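One structure below.
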Amino acid sequence: MSSTIDATSRLGTLDTLRRGVDLSPELRRGLGVTLGLAALTTAGRVVVPFVVQQTTDHGLLGKNGPDPGLVTRDVLLALVAVVITAACAYAVNVRLFRASEAGLASLRLRGFRHMHDLSMLTQNSERRGSMVSRVTSDVDTISQFVQFGGIILILSLGQIAVATALMLFYSPLLTAVVWLCFVPLLFVIRRFQTIVGRAYTTVRERVGDLLAAVSESVVGAATIRAYGVEERTATRIDEAIEAHRVASIGAQVRSVAAFSSGQLVAGLTLAVVLVVGTVQASAGHLTLGKLLAFLFLVNLFTQPVQQATEILNELQNAVAGWRRVIGVVDTPADVADPGEEGEVLPRGPITVDFEGVSFAYPGGEEVLHDIDLSIAPRSRVAIVGETGSGKSTLAKLLTRLMDPTRGRVLVDGVDLRRVRFSSLRERVVLVPQEGFLFDATLRENVRFGRPGATDDDVRLALTELGLDAWLSGLPQGLATEVGQRGESLSAGERQLVALARAYLADPDLLVLDEATSAVDPSTEVRLQRALEGLTRGRTSIAIAHRLSTAEAADEVVVVDRGRIVERGPHRVLVRQGGVYAALHASWAAQQRG
Amino acid sequence: MSVDVAPSLRRSLGIVAVGIRREPRWFAFAVAGSTVYGVMTVLTAWAIGKVTREQVQPAVAAGHVSAHQLRVIFAWVAGVVLVNVVGVVIRRIAAGFTMYNVAATFRREVTRQYLRLPLSWHHRHPSGQLLSNANADVEATWNVFAPLPMALGVLIMLVAGIVQMVLVDPVMALIGLAVFPALFLANVVFQRSMSPKVSRAQQLRAEVSEVAHESFEAALIVKSMGREDEEARRFEEVTRRLQAANVAVGRTRGTFDPVIEAIPTLGTLAVLAVGARQVASGALQPAAVVQVAYLISVLAFPVRALGWVLGELPRTVVGWDRVDAVLQARGELPYGSAKLQRHGASDSRLEDVDYSYDIVDEDGVESRFQAIHGVSLEVPAGATVALVGPTGSGKSTLTNLTLRLVDPDHGTVSLDGVDLREVRRGGVSEVAALVPQQTFMFDDTVRGNIALGADFDDAQVWQALETAQATAFVRELPHGLDTRVGERGASLSGGQRQRLALARAVIRRPQVLVLDDATSAVDPSVEQAILAALRSSSDGTTVLVVAYRMSTITLADRIVYIEAGRVVDQGSHDELQERCPGYERLVTAYVREAAERAAMAADEEVTA
Ligand SMILES: Nc1ncnc2c1ncn2[C@@H]1O[C@H](COP(=O)(O)OP(=O)(O)OP(=O)(O)O)[C@@H](O)[C@H]1O
Ligand SMILES: Nc1ncnc2c1ncn2[C@@H]1O[C@H](COP(=O)(O)OP(=O)(O)OP(=O)(O)O)[C@@H](O)[C@H]1O
Ligand SMILES: [Mg+2]
Ligand SMILES: [Mg+2]
C-alpha cells in the first residue's frame, strides 16, 4: 500500500530533461532572446579575430606598405565589436542566471512541498538527511548545466552546422572524411553517456547517505557522548565520506574518458584530413591554400564537438540531480488530500467510528485487527494498553496519517478518505508521542497551532491550561528561545508547549498520545482538570500509561495485542476483574508505594 | 563567523596552499599533466607547420605523394595529439583525486569536530547548518582544484609567449604586457565586490538546508496540524532569498568573465594601433607588430584559464571561513588521563555544583540562566537514590552533570573520588551509563543499537533485553535482532524504543546507572518487572533514578527532592512526606486526585 520515495527516477535522459524543464517553466522563459544574444556573442568571438587578421593583412602587411589610417579605422571597428560582444555576453550571463535561479527555486519548492504531501510512512522510508539533499545539493548540481552548459550545447550544434556547410563548400570529400571520423565517436559518446550518467547518479545517492550520516551524529550528539561511541560514529561517517569520495572520483574518471575520447578523435581527424588532403592536393584536386583553409575549418568543427562532449558530461550530472528531485515529485502521495472534491465538515461536536479496521505496517504483520469502535460526541475517552499494543497506530489512523489496510474510519459518518485535509486538520488535532518543537521562540511554537494568533491569544491559552505560573517563571517569557527541537527546555516543558500548541488550534477532537508522559504528577493533574473543564463540549481521546488519565475519562478503551478487549467507564472496568483491573491494580500499587 | 570583505589574493592562495599540502603528490601529477598539455598545445601548431612545410608543400609541388610522406605527416600530427590527450587525462584525473581527496579529508575533520565539541556548542548550531558546513561549504572551498592545475599548466604558454614578445620588440611588448596590470585591477575589483555576495549566498545555502532539515524532522507535526502550506511558505522565503543572492553572484561573475575575455583583445588592438604609427614612422618592422599582436592573442587562452581560477577564489575563501569556523571552535571538554577502576559499584558525588545554560533571546542577545544552584548529591556505592522534582527543576541537568556530558561552572563531580575532569576521554562511559529521558535510536539493527559497536555476543544481548522486558517483542520482529529499526527508531512504538535504550545501558553492566525518567512510556506492570529484573541482575550497581512513580521512589534508599535547581530536602520517603510539603504534593497528586474523583462519583451515585 504505502510507497517509498524513489532513490532516483528511472526516466531516460531526454525524458528527465523534458520533465525537469516542465517543473521549472522559468527555464524556458525568454530563451529565444537569450539564444539570439548568445549567437551574437559567438559571432562576435569569431568576428573580432577576423577583423584583427584583416587589419594585419591589409593595414600592416598590405602591398602598398603600412596604412595607419586603415589600421586606426579597423581598430576602432574591432573596438566596437569587442564592446558589443562583451555587452551581449554580460546580458546572456545575467539572463541565464536569472532564469535558471528562478527555475531551480521553483524546483526546490516543488520538491519540498511534495515531500510534505507524502504520507508519513513514505516519509519514514527515507532518512531526513537524504531528504534534505534532494532539495539542496541535488538542485545545486543542476545549476551548472542550466547556467552555462545548455546554451553552449545549442550554440555548439549551430557552429557544427555552419562549419559543415563551409567545409562542404571547400571540399565535399574531405567533409565526408571528417564526418566519417566522427560517426564512431557518436556511438562512443552515447555509450559513455549511460555510463557517466549512472556514475553521477551514484554520486548523488552517496551525498544523500553522507548527509544522513552527519545528521544522525548531530541529532544524536547527547547519546553518542553518553555512551562514548564517538569512534564508532566517526567510522560510520567516514564510510559515508569514503563512499562519496570513491563515487565522485569514479564519475570523474568516466567523464574524463568520455571527454578525452572526443579530444582524441578531433586530433586524429586533423591528421587524417591532412593525409587525405595531401593526396588530393598532390593529385591536383585541391590547392594548398584551400587545404590549409580547410584545416582551419576542421578546427571550427571539432572545437564545438569537444565542447559538446564536455557539456554532455555536465548534462549527465544535472540529470542525476534532476532524477532525484523528480523521484520525489513523482512519488505518489498515497494518503492523498481529496482536495476540492472532498467534503468539508461543519464544526461542532464530532463523532468517530472505526468500522472493521485492520492495519499492517508495510512489510510487517497486522498490528490492529478488525477494530470496531465508536466514540460519542463530547465524550472523553482514554485508550490504555501495553506498550506496542497498537494505541499510537490507532491514533494515527484516526487522524489519517495513514489509511487502514481494511475497513474504514468515519468522522461524523463520513469516510476520512473523503474529507478535505484542511477541514480534517481543523477539526482533529493529534499531539503525537514524538513531540517536536521548532528552533524559534515559545510564542512562535505555540502559535504554530493557529498562525493568526496574537500574543494575548497565546498567553490566554497558557493561562487556561493553568500554565501561567510556569510562563512567568521563564526569564524571557514568551520570547524564550526553545532551541533546536526544543532542547533548551526540559522534556516536561516541551510537552507543555506541545499541548498548548494543540490547544490553541482549538479542534473539535483532541487526540493526546502520551502528551504529558514527562510532566510531573501535580502539573499533570492540574492540566487534566483544566482540559476537562475546557474540553467539555469537545471530544477528547487520551492515550496514557499513567492511569490517572483513565480514571478521569468518561470511557476507557483497553487495547491488547491489536484488539479492543474491554471498554466502559473506569468504575465499571475496575470491578470487572479483567485486563484493565489488573493494569489498574499495578498502577495503584505503584502510587501507594 | 567573520568574513573578510576583501580577502587579498594572498589569503586565497594561502588557503589553496593548505589544500595542496594535503595532497601534494596528486597535485604535482595534475600540474605535470597540465604542463604536458600546455607544451603539446604549443607544439600542435608547430607540428602542423612543420609537416606542411617539409612534406605537404613538396608533395603538392611534385604532384605526387609517397606512402612514406603520408606516414610522416600522420605520425607527427597524431603523435602530438596523442601525447596531448595523455596530458589532459592525467591532469583531469589527478585534479579529481586532489579535489575529492582534500574534500574528503576536510569532511572527516569537520565531522570529527562535531563529535568532539560539547553539547553546548551543538545547542548553538542548527543541525541543518552543520550539514551544510560538511557538504556545501567543503565543496565550495575545494572546487578551485578543478581549474587550478590547468591554469598552472598554461602558465608555461604564458611565459613562452611573453619571452617571445620581449625578444621581438621590448617596447611593443611593454604595451602588450599592459594587459596584466589591467587584469590584476579587474581581479581586485571583482574579488572586492564578489566576496560579500558569495558569503551571503553560502550563508543562505546553509539556511535553506537548515529550514529543510528542521521541517523534515518536524514532518509529523506539520502533517498532523495541517501546516504544510505555512512550511512551504517558510521554505519559499529562504529559497527566494537564496535565489536573489545567487543572481547577485551571477551578475558579478557575468560581468567579470566578459571583461577578462576582452582585455587581451584590447591589448592586441592597442599594439596594432600604436604599431601602425611606429611602422609608418619607420621605427619598426611591420612583421614585428604582427608577431606581437599574434602572441597576445595566443595569450588570451591562458589568461582566460587564469580567470576561471580567479573567479573561483571568492568561493574558496568564503567556504573556508565557514569550514574553518568549525575547525577552530573550542570549548571541547578537556580530558585527563585517569582511568576509573572497574569493580562492583561506584560512588558518585556532586559537591556544591552550579550550572548555567547559555541562552539567547529573540534578538540574539546572549545571557546565562542558572539552572543548578549549589547542589551536593551523594550516591554511595551500591545505593539507589531517587531524584524527584517538578517539571523543569533541573533533574536532567543533574544527570548530565553526573556523567560529565557537561562540566559544572563551580564545584566538582566525581566518581569513586576521581574528579571527572581528570578522567581520560571515554573513561566515564566505561563505568557509567545513562538512559536519557528522550531516547535516541540509530538507523541500525536492534543488535547494533544495543551493542553500539562493542563486543557483546547474542546471549548477552538477549539477557539485556530480558532485563528490559523487551525479549517478547524483539522475538516477534521480522528479523529478530537483525531487524533494522529505521531512522530514530521510527518503526518501533515509543515504549519499545525506551526498552531498547534500557537494554543498551544494562548490557554494559555499569557501575553507575542513571535512569532519567526512563520508563515513562512503559506500562506500570512492565515497569515493575524491569525494576525487579534490574535489582536482581545488577550486583549492587549504584543507581540514580529520576522518577515520579511511588513504586520506583520507594525502592530507593534515599530520595533527593529538588525545586528550581536547589536541593530542598533529602531523606527517606516517610521523612520527606512528613516534612517536605512540595514533595508530598508531588508524589501524592494521583492518589489525592483518585480520592477526590471517587468522592465525587460517590456523591453522584448518592444524588442519582
Ligand atoms: N512505522 C512502523 N513500521 C513498522 N512497525 C511499526 C511502526 N510503528 C509501529 N510499529 C509496530 O506496531 C506495533 C504497534 O505500535 P504502536 O506504536 O501503535 O504501539 P503503542 O501501543 O502506541 O505502544 P507504546 O505504548 O509503546 O507507545 C508495535 O509492535 C510496533 O513495533
Ligand atoms: N539547553 C538548555 N538551554 C537553556 N536552558 C535549559 C537547557 N536545558 C534545560 N534548560 C532549563 O533548565 C531548567 C532545568 O531543566 P532540566 O531539563 O534539567 O529539567 P528537568 O528537571 O529534567 O525537567 P523535566 O522533569 O521536565 O524533565 C529548565 O528550566 C529548562 O528550561
Ligand atoms: Mg505509542
Ligand atoms: Mg528532564
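The values are calculated or read from the model by the stated rules, or taken from the named source; none is laboratory data. Everything numeric here is computed off the predicted structure, so don't read it as measured data. All Cβ positions, glycine included, derive from the backbone under ideal geometry; neighbour counts span all protein chains shown. Note: accessible area is taken over every heavy atom of the protein model, side chains too, but ligands, DNA and RNA are not part of it. Shrake-Rupley method; radii C 1.70, N 1.55, O 1.52, S 1.80 Å.
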The protein assembly as shown, accessible surface, carbon-and-sulfur percent (1.4 angstrom probe): 57 percent
Place +1 on the Cβ of every Lys and Arg and -1 on the Cβ of every Asp and Glu in chain A, take the dipole about the Cα centre, and give the residue among A:PHE148, A:LEU118, A:ASN299 whose Cα lies farthest towards its positive end. A:ASN299
What size of dipole, in debye to the nearest 20, comes out for the protein assembly as shown about its Cα centre when the only charges are +1 on Lys and Arg C-beta atoms and -1 on Asp and Glu C-beta atoms? 5180 debye
Lysines within cross-link reach of B:LYS223: Cα-Cα under 25 Å, excluding same-chain residues under 8 positions apart? A:LYS391, A:LYS396
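Please find the FRET efficiency linking B:ARG421 to B:PHE369, where r is the Cβ-Cβ separation and R0 is fixed at 25 Å, and quote it to the nearest 0.05.
On the way: r = 23 Å, r/R0 = 0.91.
My answer for the efficiency is 0.65.
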Taking the Cα of B:ARG192, stepping 7 Å toward and past its beta carbon, and measuring to each backbone N in segment B:249-265: which are under 14 Å? none
Could you point to the residue in A:GLY413, A:THR549, A:TYR580 farthest towards the positive end of segment A:352-592's charge dipole, with +1 and -1 charges on the Cβ of Lys/Arg and Asp/Glu respectively? A:GLY413
Rounded to the nearest 5, the percent of DSSP beta bridges in the protein assembly as shown running antiparallel is 55 percent
Suppose all protein chains stay in the model; what accessible area per residue would a 1.4 Å probe give for segment A:258-306, in Å²? 32 Å²
Just the Cα atoms of the protein assembly as shown, one point each, no solvent: what log10 I(q)/I(0) does Debye give at q = 0.05, 0.06 Å⁻¹? -0.45, -0.60
Looking at segment B:227-258, which residues lose a minimum of 50 Å² of accessible area between their chain alone and all protein chains in place, measuring with a 1.4 Å probe and not counting ligands or nucleic acids? B:ARG227, B:GLU228, B:PHE235, B:GLN243, B:VAL247, B:ARG251, B:PRO258
Pairwise centroid distance, computed over Cα atoms, of segment A:488-551 with segment B:530-579, Å: 26 Å
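Rounded to the nearest 20 Debye, what is the dipole magnitude of segment A:13-329 about its Cα centre when Lys and Arg each give +1 and Asp and Glu each give -1 at the C-beta?
Value, rounded to 20: 500 debye.
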Restricting to DSSP H runs of at least four residues, report the calculated mean residue ellipticity at 222 nm for the protein assembly as shown, -39500 (n - 2.57) per run over all residues, nearest 500 deg cm²/dmol. -21000 deg cm²/dmol
What shape does chain A take by its C-alpha gyration tensor, where a ≥ b ≥ c are the square roots of the eigenvalues and a/c under 1.5 counts as rounded, a/b above b/c as prolate, and the rest as oblate? prolate
Can you list the residues of segment A:61-102 whose accessible area drops by at least 40 Å² going from the chain on its own to the full set of protein chains, with a 1.4 Å probe? A:LEU61, A:PRO66, A:PRO68, A:VAL75, A:VAL82, A:TYR90, A:ASN93, A:PHE97, A:ARG98, A:GLU101
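Roughly how many Å² is the accessible area per residue of segment A:441-525, as a whole number, for a 1.4 Å probe? Spell out each step's value before the answer.
Numbers: 2470 Å² over 85 residues.
Counting only protein heavy atoms, the per-residue value for segment A:441-525 is 29 Å².
How much net charge surrounds B:PRO118 when only other residues with a Cβ under 9 Å from its Cβ are counted (Lys, Arg +1; Asp, Glu -1)?
Working: positive: A:ARG225, B:ARG116; negative: B:GLU332, B:ASP407.
Computed value for this residue: 0.
To the nearest 20 debye, what charge dipole does chain B have about its Cα centre, counting +1 at the Cβ of each Lys and Arg and -1 at the Cβ of each Asp and Glu? All intermediate terms of the calculation are to be shown ahead of the outcome.
Details: 58 positive and 65 negative charges, 821 e Å.
Dipole size: approximately 3940 debye.
For segment B:478-604, just say rounded, prolate or oblate: build the C-alpha gyration tensor, square-root its eigenvalues into a ≥ b ≥ c, call rounded for a/c under 1.5, and beyond that prolate if a/b exceeds b/c, oblate if not.
oblate
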Where A:ARG459, B:ARG558 fall by accessible area, highest first, once all protein chains stay in place (1.4 Å): A:ARG459, B:ARG558
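Sorted by accessible area with a 1.4 angstrom probe, largest first, how do B:LYS197, A:LYS290, A:LYS396 fall? Please report the intermediate quantities before stating the final value.
On the way: B:LYS197 70, A:LYS290 90, A:LYS396 30 Å².
Descending order: A:LYS290, B:LYS197, A:LYS396.
For chain A, give the share of DSSP beta bridges that are antiparallel, in percent and rounded to the nearest 5; count only bridges with both residues there. Write out the running numbers ahead of the final one.
Values: 19 of 38 bridges.
About 50 percent, rounded to the nearest 5.
Counting protein heavy atoms only and a 1.4 angstrom probe, how many square angstrom of accessible surface do chains A and B bury in total, to the nearest 100?
The contact between B and A buries close to 14900 Å².
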Distance (nanometres) between label positions extended 7 Å along Cα→Cβ at B:ARG597 and B:ARG342: 4.8 nm
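Heavy atoms only, probe 1.4 angstrom, no DNA, RNA or ligands counted: give me B:TRP320, B:TRP462 ranked by accessible area, highest first. Spell out each step's value before the answer.
Details: B:TRP320 30, B:TRP462 65 Å².
From most accessible down to least: B:TRP462, B:TRP320.
For B:SER376 and B:ARG124, what is the calculated FRET efficiency with R₀ set at 30 Å and r taken between the beta-carbons, to the nearest 0.05? Provide the component values of the computation, followed by the final result.
Details: r = 29 Å, r/R0 = 0.98.
The pair B:SER376/B:ARG124 has a calculated efficiency of 0.55.
Normalise the Cα radius of gyration of chain B by 2.2 N^0.38 Å (N = residues in it) and let me know the number. Display every interim value, and only then the final one.
Values: Rg = 36.4 Å, N = 608, 2.2 N^0.38 = 25.1 Å.
My calculation over the Cα atoms of chain B gives 1.45.
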Using the Cα centre of segment B:484-549 as origin and beta-carbon charges of +1 (Lys, Arg) and -1 (Asp, Glu), tell me which of B:VAL545, B:ILE507, B:ILE530 is placed farthest towards the positive end of the dipole. B:ILE507
How much solvent-accessible surface does A:ILE154 expose, in Å² to the nearest 10, with a 1.4 Å probe and all protein chains in place? 80 Å²
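Please work out the FRET efficiency for the pair A:GLU340 and B:ALA244, using the Cβ-Cβ distance as r and a Förster radius of 35 Å; give the result to the nearest 0.05. Don't jump to the answer; show the numbers that get you there.
Working: r = 34 Å, r/R0 = 0.96.
Using R0 = 35 Å, I get an efficiency of 0.55.
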At a 1.4 Å probe, which residues in segment A:548-564 are at least 30 Å² less accessible with all protein chains present than in their chain isolated? A:GLU551, A:ARG561
Ignoring ligands, DNA and RNA, what accessible area per residue does segment B:396-517 give at 1.4 Å, in Å²? 33 Å²
HN-Hα J in Hz across segment B:230-242 - Karplus 6.51, -1.76, 1.60, θ = phi - 60°, x for Gly and Pro: 5, 5, 4, 5, 4, 5, 4, 4, 5, 4, 5, 5, 4
